[in-house]
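In what follows, a single structure is set out as structure tokens and then discussed.
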Amino acid sequence: MAASTLTEVARLAGVSPATASRVLNGSARKPGKDIAERVRQAADSLGYIPNAQAQGLAKSSSGLIGLIVHDIADPYFAAIARGVQEAAREQRRMVLLATTDGAPGEEKEAVAAFAARRADSIVIAGSRSSRAEDGDQNAELAAELDRYCRNGGQVAVVGHPVVGAAAPEGYHVVSVPNQELAADLAVELAAGWDGDFVIIGGPEGLFTSDDRIRGFQEGLSRAGRGPAEVLRSSFNRSGGYDAGIKLAARIKAGGTGERGRPAGTGLGIFAVNDVMAIGAAAALRAEGLRIPRDARIAGFDDIETLRDFRPALSTVSLPLEEIGRLATRATAPPAADGDEQDYAPLPVAGKVMLRRSTETAD
């Protein structure tokens, strides 16, 4: 049997198709109760199923959230995405996903695509950049976001504001205290060890990486230590691995002890995210070095992958799923009864987690 149409419902109820649409698709402009009841009875008798797109147009709401991340395969972004999905489910909304490899130009295209699909809100997770090569694309992304917010869209950005964005309304930032937490990590690591530290960081101008580098150096200063050397690499596992190979050569050049292994205290390594730390650790192992005997290593984020990583990695634990929930709730539309969503803003907090990878070697 062919599906009934809105026109057939309107004809049976004795009203115009526009009136039937306002009743069945949830428009704020509703006819009288007797007319509305007549339309609903007609729809029931014909087995009419409202069209989701038409409901969105009538309500001026699509029930869609756009989520933009650098790489959904990265456990950091996967955890944030789970939080976004959970909060969206609470709000009876659906999530659209775009991955961009961190390119502002790709993010701009994603925002435009979500706006074209009438997404109610957009959540953006991933480090901002002040690198010269990103300047033009940053400006285009900011302009696209400002236009989206002026047209009633809601945006939440995790970490730093988008460079150049100036929307006065509908724009939210979930701030993460990267610098402060990295400083806390440095203080705790320096308290338990007097060797040299090296930082494996991302490209210069990447805000999240730069914040964590700056914070770690501040923490070393508070502990009465000199600044650590910084090795710049890609902000991913491969970048950590490349840096780890360089550090392995340096450790091995320091001399050998029992069974031909390096002597001395090795290095204290801080990688500005966990996947870089995992890459660096893999490189050290590939070169015959052991953690924490030959090098101590710590990361940042406390991604779920660490549950199976050995030795257990010291890190800074962030509530990644909660960050996703906060970002989504910040962009929530008013409830169906017109009341605002009862979600008080919550500060993002983190915690230093010292584990086996930075303990004194046996």
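Mean sequence separation of contacting Cα pairs (under 8 Å, at least six apart), scaled by the length of the chain, corresponds to a relative contact order of 14 percent. For the chain, the Cβ-based charge dipole about the Cα centre amounts to some 640 debye (Lys, Arg positive; Asp, Glu negative; other atoms uncharged).
Computed over the chain, the per-residue total of -39500 (n - 2.57) for DSSP H runs of n ≥ 4 gives a 222 nm mean residue ellipticity of -13500 deg cm²/dmol, rounded to 500.
Rounding to the nearest 10 and keeping the result within 0 to 90°, find how far the Cα-based axis of helix 178-191 lies from the longest principal axis of the chain. Roughly 30 degrees between the two axes. For region 172-252, the square roots a ≥ b ≥ c of the C-alpha gyration tensor eigenvalues yield an a/c of 1.5 or more together with a/b not exceeding b/c, which makes the shape oblate.
Working from the Cα coordinates of the chain, the gyration tensor eigenvalues give, after taking √(5λ), semi-axes of 53, 19, 17 Å in decreasing order.
In this simple spin-label approximation, Arg293 and Ala143 carry label points 7 Å from Cα along the Cα→Cβ vector, and these lie 6.0 nm apart. Annotation: amide H-H contacts under 5 Å for Val316 (H modelled 1.01 Å from N, sequence separation of 5 or more, or interchain): Gly299, Phe300, Asp301, Asp302, Met353. Reported value for region 178-317: 95 Å³ per residue, from the convex hull of its C-alpha atoms.
Only the coordinates and a few stated rules stand behind these numbers; no lab work does. What you are looking at is a predicted structure, and each value in this text was computed from that prediction instead of being measured. Heads up, the Cβs are rebuilt from the backbone with ideal geometry, glycines too, and the neighbour counts pull from every protein chain shown.
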